[in-house]
């Protein structure tokens, strides 16, 4: 026999999973946006940082959904184990949402890994540019030092041919 309280909990769990799936889709879209940012030669660090902040707020919200889901699951798991046939339709919905979310999570992990590699390339380019700048600065400094040693104060650049 179905308990209306348990059905309510299961429906709330399903709603939570729907919201979580929507949020995971948004997270995937933001991760794809990061990939676009990383593809460009003129890397926009501010825009990339903004996407990191967006993703962090989404991840925080996902964690809240997970906590709420587990809290509800703990309230109904004994009933589901013993009377699972009475709640088969709801259980199937929960399983379907969890499968979709697992697939989305795997996609996200793959995208994150690709982005991590791209970011490493950008950072190494930035370090190389910094190294090139330091080398250029040293070369310029050495040139000025060399040139300043050739001309001492009081020396004339011109020869007075009349004397």
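The values are calculated or read from the model by the stated rules, or taken from the named source; none is laboratory data. Quantities reported herein were computed from a predicted structural model and do not represent experimental measurements. Please note: Cβ atoms are built from the backbone with ideal geometry, for glycine as well, and neighbour counts cover all protein chains shown.
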Requested in this report: Please specify each residue of segment 1-11 satisfying the condition of being in a helix (DSSP H, G or I) and either buried (at least 19 other Cβ atoms within 10 Å of the Cβ) or touching a helix residue (DSSP H, G or I) at 6+ places or on another chain (Cβ under 6 Å) (or both).
Outcome: 6, 9, 10
Query raised in the report: Limited to segment 36-47, what total is found for residues that are in contact (Cβ under 8 Å) with a residue 24 or more places away in the chain and surrounded by 15 or more Cβ atoms within 10 Å (Cβ to Cβ)?
Result: 2
Query raised in the report: How many residues does segment 72-104 contain that are surrounded by 12 or more Cβ atoms within 10 Å (Cβ to Cβ) and over 18 Å from residue 21 (Cβ atoms)?
Result: 7
Query raised in the report: Can we say residue 29 is part of a helix (DSSP H, G or I), free of Cβ contacts under 8 Å to residues at least 24 places away in the same chain and either touching a helix residue (DSSP H, G or I) at 6+ places or on another chain (Cβ under 9 Å) or within 22 Å of residue 110 (Cβ to Cβ) (or both)?
Result: yes
Report summary line: Cβ pairs under 9 Å, 6+ apart or interchain, first in segment 72-90 and over 15 Å from residue 8 (Cβ atoms), second at pLDDT below 90 and part of a loop (DSSP other than H, G, I, E, B), ordered by first then second residue, are 83/1; 83/2; 83/3
